[in-house]
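The values are calculated or read from the model by the stated rules, or taken from the named source; none is laboratory data. These numbers were taken from a predicted model, which means no experiment stands behind them. Note: ideal-geometry Cβ built from the backbone for every residue, glycine included; neighbour counts use all protein chains shown.
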Amino acid sequence: MSQGTTGKSVPSGFTFRSILIGLIVVLTVCLGAPLSIWMVGSTEITWSFFPIGVGLPFVLLVLGNAVIKKLRRSLALTPPELMTIVVMGLVASGIPIFMVGLLLAIPSKPYYGATPENGCLQVIPGISTGKTVFWKSEGFGIDDENLPGEPIDVPMKKGSVLFMHKLTPHGSGPNRTNNIRWSLDLRYQRTGTPTGRAVYPDFPVLSRSNPHSVLTDYEEWDRLWADAKKNNPTKAGRTNRLVGPTTVSVEDPFAAIAV
């Protein structure tokens, strides 16, 4: 309680129950906002000056408080307590959603490995020594009649790394689980070698002999891609795709890394 100018006591808004209810509203806003956007695909509940993520709980709280006031006045929340709750909710709604998303990604990220059940990597070993690549007619994948052997599963635990030859036929099976199988594909290419996509930007990302040639300016990177897409509105494919099994000359023994 605090003493007003008229001598009457003014109830404080900072009480245990107001802080507790306010924290519940904060959790509702912080967890409900990313759920609404990324999982449900609904509206942004923290958008506007008095967002729905705060307004709806507050309206429900006022209505419920009115009922409690009718039944037992001493248990009803006071106006200062209601103000404390809504202010806590408004502060929570000002937290950028991407920050909450980053925090939620830590405990919710998948920690399971790649298994035959979720579609792990499959390879056909012992083929790279023949220096032959196997493309189907449109340049992607391998026709069944061109399969040089029987694919085998390569299950991997979290944190594992697989090094394989760039001519090793590889792919993945179907995901028969309810979980998402994440994969990251990293490729190395020697500076100066043709990419097969001449219309797209070509720039060094690592060079010990000429470090000044490495592109590190985001604005320049963005400009190069913007110009490329402007000059080539139709996505261009590779111009040097091979058709059918073809013998090639191999220079880099390890050119593909799967993580």
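A quick yes/no check of all residues on (1) among the acidic types (Asp, Glu); (2) closer than 15 Å to Pro80 by Cβ; (3) in contact with a helix residue (DSSP H, G or I) (Cβ under 7 Å, 6 or more places away or on another chain); (4) modelled with pLDDT of 70 or more:
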position: Leu35; (1), (2), (3), (4): no, no, no, yes
position: Gly41; (1), (2), (3), (4): no, no, no, no
position: Glu44; (1), (2), (3), (4): yes, no, yes, yes
position: Pro57; (1), (2), (3), (4): no, no, yes, yes
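Among the residues of the range 63-81, those identified as without any contact (Cβ under 8 Å) to a residue 60 or more places away in the chain, part of a helix (DSSP H, G or I) and surrounded by 13 or more Cβ atoms within 10 Å (Cβ to Cβ) are Asn65, Ile68, Lys69.
Restricted to the range 83-112, and to residues there that are more than 18 Å from the chain's Cα centre (by Cα) and assigned to a loop (DSSP other than H, G, I, E, B), the residue that is modelled with the highest pLDDT is Gly94. I'd like the residue in the range 117-146 that is over 14 Å from His170 (Cα atoms) and at pLDDT 80 or above and, out of all such residues, is surrounded by the fewest Cβ atoms within 10 Å (Cβ to Cβ). Looking at residues that are over 14 Å from His170 (Cα atoms) and at pLDDT 80 or above, I get Glu117. Residues in the range 201-223 that are in a helix (DSSP H, G or I) and acidic (Asp, Glu): Glu219, Glu220, Asp222. The single residue among Trp221, Trp182 that is within 23 Å of the chain's Cα centre (by Cα), farther than 30 Å from Gln122 by Cβ and aromatic (Phe, Trp, Tyr) turns out to be Trp221.
If a residue must be polar (S, T, N, Q) and not in a loop (DSSP other than H, G, I, E, B), how many such residues does the range 160-180 contain?
1
The test for being in contact with a Ser or Thr (Cβ under 8 Å, 6 or more places away or on another chain) and at pLDDT 85 or above does not hold for Ser183. Among the residues of the range 163-179, those that are within 23 Å of the chain's Cα centre (by Cα) and surrounded by 14 or more Cβ atoms within 10 Å (Cβ to Cβ) comprise Ser172, Gly173, Asn175.
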